[in-house]
Amino acid sequence: MIFQEAPSEALTPAEEARHLAAVATAAGVPVPGVVLPEHENVVLGGMRLHYLDWGSAGDSRGEQERLPVVFLHGGGLNAHTWDIICLALRAEYHCYALDLRGHGESEWSPAMDYSLGAHLRDLESFADHLGLARFFLVGQSLGGIIGIGYASRHLRRLAGLVTVDSGPFAGSQAGIDRLATFILDSPEFASLDEAVARAVAFNPRRDPELLRYSLRHNMRQLPDGRWTWKRDRRHLSRQRLAALVAEVKELAPHASAIACPTLILRGADSDLFSADQAAAFAALVRDAEVVTVPDSGHNVQGDNPAGMLAAIGPFFDQHGRRAVAR
């Protein structure tokens, strides 16, 4: 099942480039130049998955020296949440950002299978499709949970794992309730302005004008002119979210199997992943460190991309050299 934005509302490449430049400037992220990613699609296990390939043009280093990095977004988001991070890293690393099944431009599951097991199988097939023998894996929220599952099963394939405001524990009930209300109570909007206002009320850190362009990646216009999210909502309910939390808790015993270096990032103001939970997660993993990113909540990559880059840069430099040397 494939949905497209109304052609009149689609961003042109020039608009996209201007948006990325504006976001980078506003975030204080220096980039040598704005290069747009290639949009790719692949059918894996009968599911069409869309991803952004940030390593296709303008490479400054030989491909053999550029370690791959796979980025997984959180629930309800899409691959474009990583745009500024990938744009800043692409000169040194070959970045791929995947739209999870049922999100962004990827296909909706006909069976409405959005279990952690289904997402994990997608990631395994995706890494095999790209031929990634050794790579970094970065995941935020749901993407981080998938990453934990992958790292616990593929002990020698990752150069490093970065989890962003996620771990093998349930978040605070207040944070879960606030997120559930945002996800479930606003399925459609009369206008893009209304959607922007709702998103800013949920996360006041974001600049409304910059957020407007970001939402156009994560929303589509219906034939009647209303706007809705680019994700499969058929399975969403508070009961399903509770079931997902139960699945997450089952990962905790497996976290001790993670053999790769692990960087656990949390937003300083997150109401979903506490400092105590980050410390407990780190205690389960043999080689883990915790970094708290200031001026950010649950969506660290959007709230403070410069802070996130400052945290992952040294981690990639240290462990990327080891991986390339092997």
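Every number here is computed from the coordinates shown, using simple stated rules; none is lab data. None of these values were measured; they are calculated from a predicted model. For neighbour counting, all protein chains shown are included, and Cβ atoms are generated from backbone atoms with ideal geometry for every residue, glycine included.
A few notes on this one:
- Cα centroid separation, the range 62-129 to the range 247-285 (Å): 20
- Cys residues of the chain counted as unpaired, since no other Cys beta-carbon is under 4.7 Å: CYS260
- Qualifying trypsin sites (Lys or Arg not before Pro) for the range 177-236 [loop in DSSP, other Cβ within 10 Å: at most 13]: ARG234
- Computed over the range 76-213: relative contact order in percent, which uses C-alpha pairs under 8 Å that are six or more apart: 14
- Separation in nanometres of the label points that stand 7 Å from Cα toward Cβ, at ASP185 and ARG198: 1.1
- GNM flexibility winner over the chain from ALA79, ALA242, ALA151 (Cα, springs under 10 Å): ALA242
- When the chain is treated as a GNM with alpha-carbon contacts under 10 Å, the residue of SER270, SER106, SER172 showing the greatest mean-square fluctuation is SER172.
- The calculated 222 nm mean residue ellipticity attributable to helices in the chain amounts to -12500 deg cm²/dmol, summing -39500 (n - 2.57) over DSSP H runs of n ≥ 4 and dividing by all residues.
- Rel. contact order, % - alpha carbon contacts under 8 angstrom, at least six apart, the chain: 18
- Modelled FRET efficiency - R0 22 Å, ASP317 with ALA268, Cβ distances, 0.05 increments: 0.40
- Spin-label model, ASP207/GLU38: points 7 Å from Cα along the beta carbon direction are separated by 3.1 nm.
- Long-range amide H partners of LEU72 with built H, under 5 Å: VAL138, GLY139, GLN140
- Of all DSSP beta bridges in the chain, antiparallel share, percent nearest 5: 40
- In terms of packing, defined here as the mean over residues of other Cβ atoms within 10 angstrom, the peptides 128-139, 92-103, 291-302 line up highest first as 92-103, 291-302, 128-139.
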